[in-house]
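J.: Below is the structure I would like to discuss, written out as structure tokens.
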Amino acid sequence: MKIYDDEEQKRKDEEDRRLIEEYQRKKEEMDRAEELKEAELRKNHGRGEDDSPYGLGFEVSKDMGFLDQFLTSLIKPKKLLGLAQLSAGKFIKYLVVMALFLSFMTYVVPVAATITGFKGFNHLFKESMPQFKAENDTLTADDKFKLNLSGFTVVMDTSEPTVDVKKLDGSGLYITIGSKNIEMILLQSGMSQKIYTYPVGVIFYNGVTNDTFVEAIPEIYMVLGFSFLFMAVLNILKYLIWAFIYSIFAWALVKRTDLHLDYWDAFRLAFYAGTWGMILPNVNMALGYIIPPILIFIAGIFISLRFISISASPYVRNEIQD
């Protein structure tokens, strides 16, 4: 009985050794296959700038600042995979600075130009605007007033409770101020659409005069500052949403390569590839929509997807060939 048990144990030991040897052999074959793939990729694409383990030609300096990242994302689509592998801190800084920059271009610059145009709020309230006063929930002014701002026009005419739409010329967004009501109206193609109507007392409460607005100038600048920050936050959310949409395409490519990248890399790749899609609409807006917005929108999507493809597709093709 003991001899039988010894032989059984011996067979088990031999089977275990055989399984271990088989596992080690397969592991060595897999390691060799991985080395051959990386060698083939290095052969096809050359060494990278930083001589990284992959050496695929898309590497970038780990010390890149915002300007270098910005220029690379605009003119070097083959380097976008390198940008996608920068630290999370650099990506977040790029996101925030980009949002602030675009908000500055589309909000601060037009507002500053407008304020400069009417020589500051002090001159606007004291000299440009007619003398006005609010009493008994009614606004009275000694003359009519019109001010063109970035994106809309303000019209004051207290000769009637509500400004007559027929008195508005051209098209666009109007804020009208009558003796009783304030309205926002959109004029387009001969049609008018009333967006809202508020009692004049919402802004011009009883006792308000030109001097009241002069005293509130610091608060007005504070509101403008908060509006700028609010717009920047909205831009961050908007760009993250677009990056998420583009990342679906980017991830479909990246996961079919041997570059060992994850979804987070694909998301950052999509964000950097979307730089043109962020810049073009804002530049077009700043220039007064010289090109139809729908064309700019389509161009931004096309360029973004094309840049993702240029950056990732070569490595997908190498994997397919293998």
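The values are calculated or read from the model by the stated rules, or taken from the named source; none is laboratory data. Keep in mind that this is a model prediction, so the values were computed, not measured. Ideal geometry is used to build each Cβ from the backbone, glycine not excepted, and the neighbour counts take in all protein chains shown. We work out accessible area using only protein heavy atoms, side chains counted, and drop any ligands, DNA or RNA first. Shrake-Rupley method; radii C 1.70, N 1.55, O 1.52, S 1.80 Å.
J.: Would you mention how many residues in region 162-183 are of a type outside the set (Asp, Glu), open to solvent by less than 40 Å² (accessible area, probe 1.4 Å) and within 34 Å of the chain's Cα centre (by Cα)?
T.: Qualifying residue count, region 162-183: 5.
J.: Just give me the residues in region 171-209 being more than 30 Å from residue 288 (Cα to Cα), outside any strand (DSSP E or B) and not hydrophobic (A, V, I, L, M, F, W, C), in sequence order.
T.: Within region 171-209, 179, 180, 201, 205, 206, 207 meet the criteria.
J.: Can you say whether residue 63 is open to solvent by less than 80 Å² (accessible area, probe 1.4 Å), more than 30 Å from residue 227 (Cβ to Cβ) and at pLDDT 65 or above, as far as the supplied structure shows?
T.: So residue 63 does not fit the description; no.
J.: Out of 227, 247, report the one residue that is more than 29 Å from residue 302 (Cα to Cα) and under 33 Å from the mean Cα position of the chain (by Cα).
T.: 227
J.: Here are 88, 99, 113: which of them is over 20 Å from residue 313 (Cα atoms), open to solvent by 60 Å² or more (accessible area, probe 1.4 Å) and at pLDDT 80 or above?
T.: Unique residue meeting the criteria: 113.
J.: Mind listing whichever residues of region 291-315 are open to solvent by 40 Å² or more (accessible area, probe 1.4 Å) and either touching a Gly at 6+ places or on another chain (Cβ under 7 Å) or part of a helix (DSSP H, G or I) (or both)?
T.: Correct list: 293, 294, 295, 297, 298, 301, 302, 303, 305, 306, 310.
J.: I've got another one for you. Hey, residue 55 hits all of (1) in a loop (DSSP other than H, G, I, E, B); (2) modelled with pLDDT of 65 or more but one; which does it fall short on?
T.: For residue 55, the failing item is (2).
J.: I need the full set of residues from region 292-313 which are among the aliphatic types (A, V, I, L, M) and touching a residue at least 24 places away in the same chain (Cβ under 8 Å), in order please.
T.: Selection gives 301, 303, 305, 308, 310, 312.
J.: What single numbered condition from (1) open to solvent by 40 Å² or more (accessible area, probe 1.4 Å); (2) in contact with a helix residue (DSSP H, G or I) (Cβ under 8 Å, 6 or more places away or on another chain); (3) of a type outside the set (Val, Ile, Thr) fails to hold for residue 260?
T.: With respect to (1) open to solvent by 40 Å² or more (accessible area, probe 1.4 Å); (2) in contact with a helix residue (DSSP H, G or I) (Cβ under 8 Å, 6 or more places away or on another chain); (3) of a type outside the set (Val, Ile, Thr), residue 260 is out only on (2).
J.: When region 210-222 is examined, which residues are found to be part of a helix (DSSP H, G or I) and open to solvent by less than 90 Å² (accessible area, probe 1.4 Å)?
T.: Result: 210, 212, 213, 214, 217, 218, 220.
J.: Can you name every residue in region 246-290 that is among the aliphatic types (A, V, I, L, M), assigned to a helix (DSSP H, G or I) and without any contact (Cβ under 8 Å) to a residue 24 or more places away in the chain?
T.: 248, 252, 280
J.: Can you name the number of the only condition in (1) modelled with pLDDT under 85; (2) closer than 22 Å to residue 106 by Cβ; (3) among the hydrophobic types (A, V, I, L, M, F, W, C) that residue 259 fails?
T.: (2)
J.: I want to confirm something. Restricting to region 116-170 and keeping residues that are out of contact with any Pro (no Cβ under 6 Å at 6 or more places or on another chain) and of a type in the set (Phe, Trp, Tyr), which single residue is nearest to residue 106 (Cα to Cα)?
T.: The extreme case among them is 152.
J.: Which ones in region 116-133 are surrounded by fewer than 16 Cβ atoms within 10 Å (Cβ to Cβ) and touching a helix residue (DSSP H, G or I) at 6+ places or on another chain (Cβ under 9 Å)?
T.: Of everything in region 116-133, those that are surrounded by fewer than 16 Cβ atoms within 10 Å (Cβ to Cβ) and touching a helix residue (DSSP H, G or I) at 6+ places or on another chain (Cβ under 9 Å) turn out to be 119, 120, 122, 126, 130, 131.
J.: Picking from 190, 207, which residue would you name as being touching a strand residue (DSSP E or B) at 6+ places or on another chain (Cβ under 8 Å), farther than 26 Å from residue 99 by Cβ, loosely packed, with under 12 Cβ neighbours inside 10 Å and not aromatic (Phe, Trp, Tyr)?
T.: From the options 190, 207, the qualifying one is 207.
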